[in-house]
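Below is one structure; the comments refer to it alone.
Each reported figure results from applying straightforward, stated rules to the coordinates on display, with no laboratory input. As the structure is a computational prediction, the values presented were derived from the model and not from experiment. Virtual Cβ from ideal backbone geometry, glycine too; neighbours counted across all protein chains shown.
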Amino acid sequence: MCGIVGYAGPQAASPQAPSSRPLDVVLQGLARLEYRGYDSAGIAVVDEQVRVTKRSGKLKNLREALEATDTDARQTADARQTADAGQTTGAEQVADTGAGMAADTRARQAAGAGQVADAATKQALGTTHGGVAIGHTRWATHGAPTDTNAHPHRGGRDGELAVVHNGIIENFAQLRADLAADGFVFVSETDSEVAAHLLAREVEQTGDLTEAMRATTARLEGAFTLLAVHRDQPGTVVAARRNSPLVVGLGEGENFLGSDVAAFVDSTKEALEIDQDQIVTVTADSVRVIETDGTEVPDPKRFRIEWDVAAAQKGGYPSFMAKEIHEQAGALADTLLGRLVDGTLQLDERDIDESVLRSIDKIVVIACGTAANAGAVVKYAIEHWCRIPVEVELAHEFRYRDPVVTEKTLVVAISQSGETMDTLMAVRHAREQGAKVIAICNTRGSTIPREADAALYLYVGPEIAVASTKAYLGQIAACYLLGLYLAQVRGNLFPEEIAEIMEDLQSIPEKIQRVLDDSAQVEQLAQSMQDATSVLFLGRHVGYPTAMEGALKLKEIAYIHAEGFAAGELKHGPIALIEEGQPVFVIVPSPRGRDVLHSKLISNIQEIRARGARTLVIAEEGDEDVLPYADEVIRVPATRTLFAALLTVIPLQIFACELATAKGLDVDQPRNLAKSVTVE
Ligand code: F6R
């Protein structure tokens, strides 16, 4: 949660020729990271002083504030007004310049008296002759989403430093008391402000921001990515991370920092991974990484960003979610691309001996939310192909019970972002118990694959909408590849069988495209159901997690009560919910192959229809058996039962997206959510 961007570029040759690049880079980066949190946004730019602007709400509020300041500043300059220090203007002041940040001014800010700017230093924030800037988009934890609690936070007796923070500082209360006793004035309710003052106090003592960061991180407990700028080191951004993400982008004559590579993907494709408890000092032409004990990291891991800028833009669709749904055929083809080399399946990064994979006696899949639904789908496939028991568990539940995990357990951690804290903590716990961990992940350079023993990437491109769609398909497909890989290593399947299954898997992208091309029916259905207050979803086998996923999508973006059930479970309780007109999506398995599943589900449809349900049936092309019991039939192409999960979920994704759009909701940034959940 929270998106962080930093930039260090050349300083202007003179104050008369300022540049808007630092601000532009940070605002563009924040726009691409807004999916990580949208409770507030703010930036700090540095020239002779640190200038902070921040606003509660979405990034557009910050942009408006900056534009207002800009206009105001130009008018001020045109009128050649001589400003008095401490003067406030009639118009709402949006720039907190920090100059002469006296305690009483801070106290007024804290009391919500409005943001007071020192008119003497008021100037266009759109340009600066300094070369650095930092920015933040927030998902609130400590403190309400107000202007005051927005980041950056100032530190120091004179507001000479600014900090942005992602994570939670667990010992902030004690640190705050200590700093307050030392005369530091707190204006916000956040835990982050202690990091700002701690850093400022350390700079007072050491005179150096990097040293100050070392000393500060030694005192902080919890999770953090911190970016700091200081008035007295105007060309430098110093950052540190523990249990929170941070990557560096390497430019020509400029460098970047971000919570993930989306922050700077339009400026550079070269990036560095920053490891746990490392500190990085970035200027326009240097990047220095050290451990918190001060030792140099001579060779930080460099990687190339595969995503392009177009992938991080809407491309004519009304929302990122709509775009991401509609690019699933190509995305899945990319997941599958180049995996069979000389008839042998390949992982991306692997440090697990094949003899270890042959000896495992259990697989535990850990994940959260949509990724956990993907895990629930692939359990059916891996057990079927590899004959190993597969448990699927929500990562936060796994971590805080006492799970039976041994050296013979293979843990599969599924995470689009690679940063979900619940999953990360479960990964660490599993490794401590001696288990090997394979990460199924979309984001290169993220923490979970870095801490795992092996990684398999999705290659579906950046997923910007908060609700996961294309990553879900990528996760299922990647786990199928993993299942086939294990079957290959352990000798459960003959090479010809693997090749045949792979051939069917390779045919799925084209079938996905057919489902997408036929989406008009579902779109109309969604538009006609804007007033629905409850929708149920039923399935068996891989249709069961598909039902869960359909319900999750509808809940999270359309705010409609929705539940997914195993169809067989219905008569054990949930059927009591069925009343006249209750809409129920039913995911019907293929009538070929596992006949028993199909006929059981037909019985379940009859049971709910007899009680008044409105049945919205997703069934294979040519399945006539469903017709007498369906109020509406949505067709998907025929495929193996196991692979149907890659098709039947798509109408459900489209339904949720279209319904939320029709209701006028913000599809990409649903309330209370964030894309990357980096707190437990
Ligand atoms: C739902 C959704 C979330 C995520 C979950 C895990 O649409 O996106 O449920 O699936 O927060 O996120 P990752 O996959 O990044 O670990």
Subject >> Of every Cα-Cα pair in region 253-347, the percent that sits beyond 19 Å >> reply: 60 percent
Subject >> Residues whose placed amide H lies under 5 Å from that of L538, excluding near-sequence neighbours >> reply: F565, F585, V586, I587
**OP:** Could you estimate the translational diffusion coefficient of the chain from the Stokes-Einstein equation, with Rh from the Kirkwood formula over C-alpha pairs, at 10 °C and 1.306 mPa s, in whole µm²/s?
**Re:** 60 µm²/s
Original post:
Looking at the P(r) of region 313-387, how many percent of alpha-carbon pairs lie beyond 21 Å?
Top reply: 52 percent
Original post:
Whole-Hz Karplus ³J(HN,Hα) for region 35-40, in order, using 6.51 cos²θ - 1.76 cosθ + 1.60 and θ = phi - 60°, x for Gly and Pro?
Top reply: 4, 7, x, 9, 7, 6
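Expected output is a single nm value to one decimal: the length gained when fully extending between D531 and Q506, i.e. 0.36 nm times separation in residues minus the C-alpha distance. What is it? Write down the numbers at each step before the final one.
On the way: separation 25, 0.36 × 25 = 9.00 nm, distance 3.91 nm.
Length difference between fully extended and current span is 5.1 nm.
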**OP:** Using packing as a proxy for protection, rank 445-457, 187-199, 631-643 so that the peptide with the highest average count of other Cβ atoms within 10 Å comes first.
**Re:** 187-199, 445-457, 631-643
Subject >> Helix axis angle, 172-181 relative to the chain longest principal axis, alpha carbon, degrees >> reply: 10 degrees
Original post:
What's the angle, to the nearest 10 degrees (0 to 90), between helix 421-432's Cα axis and the longest principal axis of the chain?
Top reply: 70 degrees
Original post:
Given the C-alpha centroids of region 1-69 and region 200-257, what is the distance between them in whole angstrom?
Top reply: 17 Å
Original post:
R288 to L665: FRET efficiency via 1/(1 + (r/R0)^6), r the Cβ-Cβ distance, R0 51 Å, to the nearest 0.05?
Top reply: 0.65
Subject >> Modelled FRET efficiency - R0 56 Å, E189 with E624, Cβ distances, 0.05 increments >> reply: 0.35
Original post:
Using Cα atoms only, what is the angle between the long axis of helix 508-517 and the major principal axis of the chain, expressed in degrees (0 to 90) to the nearest 10?
Top reply: 80 degrees
Original post:
Among Q606, P403, T225, whose Cα lies farthest out toward the positive end of the dipole of the chain, if unit charges sit on the beta carbon of Lys, Arg (+1) and Asp, Glu (-1)?
Top reply: Q606
**OP:** Please tell me the relative contact order of the chain in percent, rounded to the nearest whole number, where contacts are Cα pairs under 8 Å and at least six residues apart.
**Re:** 12 percent
**OP:** Could you tell me what fraction of 2.2 N^0.38 Å the Cα radius of gyration of region 1-70 comes to, as a two-decimal ratio?
**Re:** 1.14
Original post:
What shape does region 185-303 have by the C-alpha gyration tensor, where a ≥ b ≥ c are the square roots of the eigenvalues, rounded means a/c under 1.5, and otherwise prolate means a/b greater than b/c and oblate the rest?
Top reply: prolate
**OP:** Pop the C-beta distance of E296 and R592 into the FRET formula with R0 = 56 Å and round what comes out to the nearest 0.05.
**Re:** 0.35
**OP:** Classify region 398-513 as rounded, prolate or oblate, taking a ≥ b ≥ c as the square roots of the eigenvalues of its Cα gyration tensor: rounded when a/c is under 1.5, otherwise prolate if a/b is larger than b/c and oblate if not.
**Re:** oblate
**OP:** For E64 and D631, calculate 0.36 nm times their separation in residues minus their Cα-Cα distance, and state this gained length in nm to one decimal.
**Re:** 199.2 nm
**OP:** Counting helices only, and only those DSSP H runs with n ≥ 4, report the 222 nm mean residue ellipticity of the chain as the sum of -39,500 (n - 2.57) divided by its residues, in deg cm²/dmol to the nearest 500.
**Re:** -11000 deg cm²/dmol
**OP:** Beyond 32 Å between alpha-carbons counts as too far, so tell me which of K314/K362; K511/K663; K323/K600 fall in that bin.
**Re:** K314/K362; K323/K600
**OP:** Give a residue-ordered list of calculated ³J(HN,Hα) values for region 202-217 (Karplus: 6.51 cos²θ - 1.76 cosθ + 1.60, θ = phi - 60°; whole Hz; x for Gly, Pro).
**Re:** 5, 5, 3, 7, 9, x, 9, 5, 5, 4, 4, 5, 4, 5, 5, 4
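Taking a ≥ b ≥ c as the square roots of the Cα gyration tensor eigenvalues, with a/c under 1.5 meaning rounded and otherwise prolate when a/b beats b/c, else oblate, which class fits region 539-680?
Since a/c reaches 1.5 and a/b is larger than b/c, the shape of region 539-680 is classed as prolate.
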